[in-house]
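Trainee: If you scroll down you'll find the structure; I have some questions about it.
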């Protein structure tokens, strides 16, 4: 059985260090296409930039299973040039402005180094330090070395991937975890199903790539691979933490409901039973806000039974997230086992 | 028809969990339709008749789901934290009774409030099912419940939870039963997940691919003390939607509905709803676009556990729907 090892970790590192802000996913797309060059005849890049891969199985009664993982990450776009390498910018995707000042960034295709500046403590008053610095007042500063930047260029955090035993720290774990997992599944495609794989674009700005990919594939069902926040730190006052979303170290997070979709209950059962039978840890993500590509996929055409599985990670959508290697390994193991066990019986009866 | 309304409104089926109400409705309509199917999102799609020379393929949508709550965490003392399904009103949440799909009843409580003039947030509320530990709590994360309130018949008015939109379902069912003949190929679609984003209507409209679409849903009124400024009142007849927060009804459909009501001497009122929307919004933009409108049943206290409709309005809604479907449509 395929598994996550050093080669996959190397690939995760390469993908996390790539810059791929929504609408400008070229860098990650290039890595994906390179990794899948042995399957090139089954690959196309669609009008929005999704990488669509088809791997047909063998045998009779194969289900058409769509797997999707988004290639884009949250970041910034330069929208104003103040001269001397100072740029006004907008955020791309959901970002907490409070977390931005003082962060190093990489700008544009040439990865020009820059910083989102913050006035040093020596020169601020106590009152100023109580205020949130609004986005309008922030600048990306790349200094006069510029010249290769244009308005519209994307920027992202300069954080480099680090691994320390069972711990992974990086930017963009949302959703490079999904991308590597999906690459491994394409390379080790189970023969009992037809695998329809979408590496999607523009998820962070509204599930746009997934919408057209699902329309094109028109699958029998879909499994979305993503990464989801773990907000599992203890409460400051010792009260029970009741809104953790997911917890690190508790395995893959299976979705029941989020802002954009209800998972198909048959698929939720299939995943949780697979985990129990295979002895793989899993957790249910707390129902609530947030969303994945499933929000678009399940509404495509006449409706597509869908479910999402995510790797939990703390500090999502900030400069640096932290995750556990085992949660990722178990996510891969669960999805692989669930695919191998898929038979058309699963959807033969009505959604219930 | 009141028995039907009672049966529908006393069934528990929050968004995403419409299986129970789907079975209830399937039983009610089976004898009156040509075929019935359920699609991937759980929409109940019933076809009646086929297209004659003067007929159209028409889709009607009434949503089966109702607002509800979903458990997100069971704490060490057996209290259930939850998230909302659909537009949950915070005022009046505490003290409400709920019922989970397996029948487990519970009440909603809240953390100690420091400001009694403000309604507690969803995060401050919890459900108490009488459990005293996580282990003896019968509810699991992901389980759903709906508000529990019995149907009440006041004669000229009826009150129930989930009038939104079981009253629309009831109007559609009653129209199916009383309609004599139609030149149209009719699709009575009882949709899912309307309250969380018109999701069932999105996929079923793609599947049915109609030439004309009508939703049958509730609309709010402006006839209560210091209520919203709105021309719709209980008792003035079914409302013909001109516009709501998410859709501009096709003016040809509005005119057709009004002409039909006038001809059949059915009272009606024109509706402009500033907030909210219905399945018609999703149907209108399905595929290459579908002329769409909405027949609304005026309803007070929408999204509270006690939604009130007028009995004559309901009967007239059925009459108007039957009249609309019984003759060729000249748009």
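Trainee: What residue among B:69, B:122, B:214 has the largest mean-square fluctuation in a Gaussian network model of chain B, using Cα springs under 10 Å?
Mentor: Among B:69, B:122, B:214, the largest GNM mean-square fluctuation belongs to B:122.
Trainee: Which percent, nearest 5, of DSSP beta bridges in chain B are antiparallel?
Mentor: Working: 39 of 62 bridges.
Approximately 65 percent, going by the DSSP bridge assignments.
Trainee: Show me the three semi-axes of the equivalent ellipsoid for region B:181-230, from the C-alpha gyration tensor (sqrt of 5 times each eigenvalue), largest first, rounded to whole Å. Provide the component values of the computation, followed by the final result.
Mentor: Working: eigenvalues 174, 53, 13 Å².
Equivalent ellipsoid semi-axes, largest first: 30, 16, 8 Å.
Trainee: Say we join alpha carbon atoms closer than 10 Å with springs in a Gaussian network model of chain B; which of B:71, B:131, B:175 then has the biggest fluctuation?
Mentor: Highest fluctuation of the listed residues: B:131.
Trainee: Just need the relative contact order of chain B here, percent rounded to a whole number, with Cα pairs under 8 Å and 6+ apart. Please list the in-between numbers first.
Mentor: Numbers: 826 pairs, mean separation 75.3, N = 331.
After rounding, I find 23 percent.
Trainee: Here's another thing I want to ask about it. Cα-based Rg of region B:149-280 per 2.2 N^0.38 Å, rounded to two decimals? Each step should come with its number before you reach the end.
Mentor: Working: Rg = 15.5 Å, N = 132, 2.2 N^0.38 = 14.1 Å.
Taking the Cα Rg and dividing by 2.2 N^0.38 Å, one obtains 1.10.
Trainee: List A:332, B:79 from most exposed to least, where exposure is judged by having the fewest other Cβ atoms within 10 Å.
Mentor: Working: A:332 26, B:79 21.
The fewest-first ordering by Cβ neighbours comes to B:79, A:332.
Trainee: What fraction of the Cα pairs in region A:113-232, stated in percent, has a spacing above 18 angstrom?
Mentor: Values: 5125 of 7140 pairs.
The share of Cα pairs beyond 18 Å in region A:113-232 comes to 72 percent.
Trainee: Taking N as the number of residues in the protein assembly as shown, what is its alpha-carbon radius of gyration divided by 2.2 N^0.38 Å? Can you show the working numbers first?
Mentor: Values: Rg = 27.0 Å, N = 683, 2.2 N^0.38 = 26.3 Å.
Dividing the Cα radius of gyration by 2.2 N^0.38 Å gives 1.03.
Trainee: Please state the Cα pair-distance histogram of region A:148-202 with 5 angstrom bins from zero: what percent is in each bin?
Mentor: Going from the shortest bin to the longest, the percentages are 4, 13, 16, 17, 15, 14, 11, 6, 2, 1.
Trainee: Could you grab the Rg to Rh ratio for region B:235-317? Cα atoms only, Kirkwood for Rh.
Mentor: My calculation puts Rg/Rh at 0.99.
Trainee: Now for a different question. Before anything else, pin down the relative contact order of region B:95-218: Cα pairs under 8 Å, at least 6 apart, normalised by residue count, whole percent. Write down the numbers at each step before the final one.
Mentor: Working: 107 pairs, mean separation 23.7, N = 124.
Relative contact order of region B:95-218: 19 percent.
Trainee: How tilted is helix A:265-278 with respect to the longest principal axis of chain A? Cα atoms for both, answer in degrees (0 to 90, nearest 10).
Mentor: With rounding to tens, the tilt is 80 degrees.
Trainee: Now, a different point. So what is Rg over Rh here for region B:68-147, counting just Cα atoms and using Kirkwood for Rh?
Mentor: Using Cα coordinates only, the ratio equals 0.95.
Trainee: If you don't mind, another one. Taking each residue in A:300-308, count the Cβ atoms of any other chain within 10 Å of its Cβ, then average. What number comes out? The partial results should precede the final answer.
Mentor: Working: counts 4, 6, 13, 14, 3, 2, 2, 0, 0.
For peptide A:300-308, the averaged partner shielding equals 5.
Trainee: Return the whole-Å distance between the Cα centroid of region A:184-203 and the Cα centroid of region B:99-118.
Mentor: 44 Å
Trainee: Compute the FRET efficiency between residue A:151 and residue A:104 as 1/(1 + (r/R0)^6), taking r as their Cβ-Cβ distance and R0 = 22 Å, and round to the nearest 0.05.
Mentor: Values: r = 21 Å, r/R0 = 0.95.
It comes out at approximately 0.55.
Trainee: What is the helix-to-structure angle for B:311-326, meaning the angle in degrees between its Cα long axis and the longest Cα principal axis of chain B, kept from 0 to 90 and rounded to the nearest 10?
Mentor: 40 degrees
Trainee: What residues from region A:230-258 fall in the zone where the backbone N is under 19 Å from a label point 7 Å along the Cα-to-C-beta line of residue B:128?
Mentor: A:240
Trainee: For chain B, what is the calculated [θ] at 222 nm in deg cm²/dmol (nearest 500), taking -39500 (n - 2.57) for each run of four or more DSSP H residues and dividing by its residue count? Provide the component values of the computation, followed by the final result.
Mentor: On the way: 7 runs with 80 residues, N = 331.
Only helices count here, giving -7500 deg cm²/dmol.
Trainee: Give me the tail of P(r) for region A:75-157 as a percent: Cα-Cα pairs with distance above 14 Å.
Mentor: Working: 2039 of 3403 pairs.
Everything past 14 Å amounts to 60 percent.
Trainee: Report for chain A the percent antiparallel among DSSP-assigned beta bridges with both residues inside it, nearest 5. Kindly include the intermediate steps, with their values, before the conclusion.
Mentor: Numbers: 39 of 62 bridges.
Of those bridges, close to 65 percent are antiparallel.
Trainee: Using a Förster distance of 22 angstrom, determine the FRET efficiency expected from the C-beta separation of residue A:135 and residue A:81, and round it to 0.05.
Mentor: Numbers: r = 16 Å, r/R0 = 0.75.
Calculated transfer efficiency: 0.85.
Trainee: Given the protein assembly as shown, what percent of its DSSP beta bridges are antiparallel, to the nearest 5? Walk me through the numbers before you get to the answer.
Mentor: On the way: 78 of 124 bridges.
Rounded to the nearest five, the antiparallel share is 65 percent.
Trainee: Order these by the 10 Å Cβ neighbour count, fewest first: B:303, A:111, A:313. Mind showing how you got there, number by number?
Mentor: Numbers: B:303 21, A:111 16, A:313 24.
Fewest-to-most Cβ neighbours within 10 Å comes out as A:111, B:303, A:313.
Trainee: So if R0 is 35 Å, what FRET efficiency would residue A:3 and residue A:48 give, r being the distance between their Cβ atoms, rounded to the nearest 0.05? Let's see the in-between values first.
Mentor: On the way: r = 32 Å, r/R0 = 0.93.
Efficiency at R0 = 35 Å is approximately 0.60.
Trainee: Rank B:150, B:305, B:238 by mean-square fluctuation in a GNM of chain B with C-alpha springs under 10 angstrom and give only the top-ranked residue.
Mentor: B:150
Trainee: Measure out, as a whole number of angstrom, how far apart the alpha-carbon centroids of region B:139-214 and region A:223-239 sit.
Mentor: Cα centroid of region B:139-214 versus Cα centroid of region A:223-239: 37 Å apart.
Trainee: With a cut-off of 8 Å between alpha carbons and a minimum separation of six or more residues, what is the relative contact order of region A:75-157 in percent?
Mentor: In percent, rounded to a whole number, it is 44.
Trainee: Let me ask something else. For every helix of n ≥ 4 consecutive DSSP H residues, a contribution of -39,500 (n - 2.57) applies; sum these over chain A, divide by its total residues, and give [θ] at 222 nm rounded to the nearest 500 deg cm²/dmol.
Mentor: On the way: 8 runs with 86 residues, N = 352.
Only helices count here, giving -7500 deg cm²/dmol.
Trainee: Follow-up question, since we're still on this one. Using only Cα atoms and rounding to the nearest 10 degrees, what angle (0 to 90) does helix A:6-17 make with the longest principal axis of chain A?
Mentor: It is inclined by approximately 40 degrees.
Trainee: If you wrap region A:51-94's Cα atoms in a convex hull and average its projection over all directions, what's the area in nm²? Walk me through the numbers before you get to the answer.
Mentor: Details: hull surface 19.9 nm².
That works out to 5.0 nm², a quarter of the Cα hull's surface.
Trainee: Given 25 °C and 0.890 mPa s, compute D for chain A with the Stokes-Einstein relation, Rh being the Kirkwood radius over Cα pairs; round to the nearest whole µm²/s.
Mentor: Working: Rh = 20.9 Å.
D = 117 µm²/s.
Trainee: Further question: Based on alpha-carbon positions alone, could you give the equivalent ellipsoid semi-axes of chain B from the gyration tensor, as √(5λ), descending, whole Å? Working shown, then result.
Mentor: Numbers: eigenvalues 250, 92, 58 Å².
Whole-Å semi-axes of the equivalent ellipsoid: 35, 21, 17.
Trainee: Could I ask something else about it? Quickly work out the residue A:127-to-residue B:315 label distance, labels modelled 7 Å from Cα along the C-beta direction, and quote it in nm with one decimal.
Mentor: 7.0 nm
Every number here is computed from the coordinates shown, using simple stated rules; none is lab data. On a predicted model such as this, the values are computed, not experimentally measured, just so you know. Every residue, glycine among them, receives a Cβ derived from its backbone with ideal geometry; neighbour counts consider all protein chains shown.
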